[in-house]
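Encoded as structure tokens, the structure appears first; notes follow it.
Read the figures in this text as sums done on the coordinates, not as results from a lab. Remember, it's a predicted structure, so these values are computed and weren't measured experimentally. Heads up, the Cβs are rebuilt from the backbone with ideal geometry, glycines too, and the neighbour counts pull from every protein chain shown.
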Amino acid sequence: MAGKGKGKGKGGRGAKGKSTSRSARAGLQFPVGRVARYMRKQNLAPRLAAGAPVYLAAVLEYLCAEILELAGNAARDNKRSRIIPRHL
């Protein structure tokens, strides 16, 4: 039967579907758009490269992941299942 399946439909190459966020496109959890807005608001430079907020969001995400992993290990060492400020 025609019309069934996983195709994108009539527009070829996925015409006008849902827009994907820059965070999803970069595979990040941190909000790239918000980081870009904060960087523009700081007036760091008259122009801002498209990759700069993506890079900064990736660095921030990495640092948070490292801190949370160490805090989780500290909580597990104390036989706790939740992270409290003392574990940070």
* Give me a count of the residues in region 36-68 that are charged (D, E, K, R) and surrounded by 10 or more Cβ atoms within 10 Å (Cβ to Cβ). => 4
* Find all pairs meeting these conditions: Cβ atoms under 8 angstrom apart; at least six residues apart or on different chains; first residue within region 41-57 and more than 16 Å from SER21 (Cα to Cα); second residue among the basic types (Lys, Arg). => LEU48/ARG40
